[in-house]
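**Q** Take a look at the following structure, please.
The values are calculated or read from the model by the stated rules, or taken from the named source; none is laboratory data. Predicted, not measured: the structure shown is a model, and the values here were computed from it. Glycine gets a Cβ as well: all are built from the backbone with ideal geometry, and neighbour counts include every protein chain shown.
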Amino acid sequence: MSEIQVMDLNIMHTIASGQPLTFHAEYDSGAGIVKYNNGTQLVMIEQRAARTKVRIEARDQNQAAIEFSKRFRLSDNMKKIYSAINTDAFMDSAISNYGGMRLTLNDPWETTVCFILSQYNNLKRIRRIVLELKERYGEASTDGSIAFPKPERIKAASEAELKDCGMGFRARYIKSAAEMCTENIDLHALTGKGYDNVKSNLMEICGVGEKVADCIALMGYGELEAFPIDVWVKRTMEKVYFKGREKKIDKLMDFAEEKWGKNRGYAQQYIFWNGMNVVKR
DNA sequence: ACCCAGGCGGGCG
DNA sequence: CGCCCGCATGGG
């Protein structure tokens, strides 16, 4: 057992907010406990009521603490980021509602799968599909928890078997993504190559368009310039900044770059989550 | 019953 | 180019 000091971190909001980690971590909001397999082992993180200390339990404490710190982006200076994205009353309320919500930095392959599954879908069902994939194809760690399945394992499954996990028409994309990522492109090699480069390479994958590529760039590679625009972000931005008038994606992208600059990926996460849960339709 | 979901690829004008 | 359509599935 070890404790680490954290600032501007709210695990509850982070875990709830529709990111890859969300889709397989178990979270007990009453106890303030998250459990997830970090790729090699089971990790338990406890944070009571947005406190500044979290407790970590894992077989290999050191590895768990390092991975946790990276995955929850603890080295981000949130004071600076908030001052960059708190540009108006709407952003101010979003930050006040969900302060401490972090972007997470996830495995690129896992992120790719999660966001291919996200298209024309909803959070609840994405989560179920991801859990199903893990149960069927995931690899058990020695502590019994299950790691997200590697592309080799997904590739070995038939499209019909994948469809059986409830993913519908996305099975074709998942299957071909697994093939590409084992044969044609090395996802890990894209790390640190820069936003434009990462994004254009990701879009080579069938089933990965602009929005999904932005999600992967943001949450799988930590490219904070990525600004994924889904139906909620679009709706919310139109309502808040354009008097409810419809705007094209490109227009909204330019607006975001202008308004929130290099940290616009963080702005997007707050717009998305506050838009979906508070502004609603 | 009907509409929608963290969109995308393909086809058409 | 831009626009429009179908797509599997489950929940509101």
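**Q** Given the condition within 11 Å of DNA strand B (Cβ to nearest atom), in the same structural domain as A:Leu123 (by TED's automatic domain parsing), without any contact (Cβ under 8 Å) to a residue 40 or more places away in the chain and buried (at least 19 other Cβ atoms within 10 Å of the Cβ), answer yes or no: does some residue in region A:218-230 qualify?
**A** no
**Q** Considering only residues that are more than 10 Å from DNA strand B (Cβ to nearest atom) and either under 17 Å from A:Ala89 (Cα atoms) or in a helix (DSSP H, G or I) (or both), which ones fall in region A:231-249?
**A** Listed by number, the residues that qualify are A:Thr236, A:Met237, A:Glu238, A:Lys239, A:Val240, A:Tyr241, A:Phe242, A:Lys243, A:Gly244.
**Q** Next question. Within region A:150-159, can one find any residue that is in contact with a strand residue (DSSP E or B) (Cβ under 8 Å, 6 or more places away or on another chain) and not assigned by TED's automatic domain parsing to the domain that holds A:Gly39?
**A** Within region A:150-159, one or more residues are in contact with a strand residue (DSSP E or B) (Cβ under 8 Å, 6 or more places away or on another chain) and not assigned by TED's automatic domain parsing to the domain that holds A:Gly39.
**Q** With region A:1-89 as the region, which helices (runs of 4 or more DSSP H) entirely inside it contain at least 1 residues that are in contact (Cβ under 8 Å) with a residue 12 or more places away in the chain and under 15 Å from the mean Cα position of the chain (by Cα)?
**A** So the answer is A:11-16, A:61-71.
**Q** Okay, next question. Can A:Ala94 be described as within 21 Å of the chain's Cα centre (by Cα), closer than 20 Å to A:Tyr270 by Cα and either loosely packed, with under 14 Cβ neighbours inside 10 Å or not aromatic (Phe, Trp, Tyr) (or both)?
**A** yes
**Q** May I ask you to list pairs of residues, at least six apart or on different chains, whose Cβ atoms are under 8 Å apart, with the first in region A:258-281 being among the charged types (D, E, K, R) and the second being within 8 Å of DNA strand B (Cβ to nearest atom)?
**A** Close Cβ pairs satisfying both conditions: A:Arg281/A:Arg235.
**Q** Here's another thing I want to ask about it. So which of A:Arg55, A:Arg102, A:Arg51, A:Arg73 ends up being among the charged types (D, E, K, R) and touching a strand residue (DSSP E or B) at 6+ places or on another chain (Cβ under 8 Å)?
**A** A:Arg55
**Q** While we're looking at this one, here's another question. Hey, can you tell me all the residues within region A:10-43 that are surrounded by fewer than 19 Cβ atoms within 10 Å (Cβ to Cβ) and within 16 Å of DNA strand C (Cβ to nearest atom)?
**A** A:Ala16
**Q** Take region A:124-157 and flag every residue that is more than 16 Å from DNA strand B (Cβ to nearest atom), touching a residue at least 40 places away in the same chain (Cβ under 8 Å) and aliphatic (A, V, I, L, M).
**A** A:Ile146, A:Ala147, A:Ile154 - these are the residues of region A:124-157 that are more than 16 Å from DNA strand B (Cβ to nearest atom), touching a residue at least 40 places away in the same chain (Cβ under 8 Å) and aliphatic (A, V, I, L, M).
**Q** Return a yes/no flag: does region A:158-166 have any residue that is closer than 19 Å to A:Asn121 by Cβ and either within 13 Å of DNA strand B (Cβ to nearest atom) or β-branched (Val, Ile, Thr) (or both).
**A** Yes: one or more hits.
**Q** Quick one: in region A:127-156, which of the residues that are of a type in the set (Lys, Arg) and within 16 Å of DNA strand C (Cβ to nearest atom) is farthest from the chain's Cα centre (by Cα)?
**A** Among those residues, the one meeting the criterion is A:Arg136.
Rundown of residues vs (1) within 18 Å of A:Asp107 (Cβ to Cβ); (2) surrounded by 14 or more Cβ atoms within 10 Å (Cβ to Cβ), yes/no style:
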position: A:Glu152; (1), (2): yes, no
position: A:Met180; (1), (2): yes, yes
position: A:Leu190; (1), (2): yes, yes
position: A:Asp196; (1), (2): no, no
position: A:Leu202; (1), (2): yes, yes
position: A:Lys211; (1), (2): no, yes
position: A:Ile216; (1), (2): yes, yes
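**Q** Can you tell me which residue in region A:256-281 is modelled with the highest pLDDT, limited to those that are within 12 Å of DNA strand B (Cβ to nearest atom) and surrounded by fewer than 16 Cβ atoms within 10 Å (Cβ to Cβ)?
**A** The extreme case among them is A:Asn277.
**Q** Here's something else I'd like to know. State which residue is nearest to the chain's Cα centre (by Cα) when the search covers only region A:191-217 and only residues that are within 14 Å of DNA strand B (Cβ to nearest atom) and among the acidic types (Asp, Glu).
**A** A:Asp214
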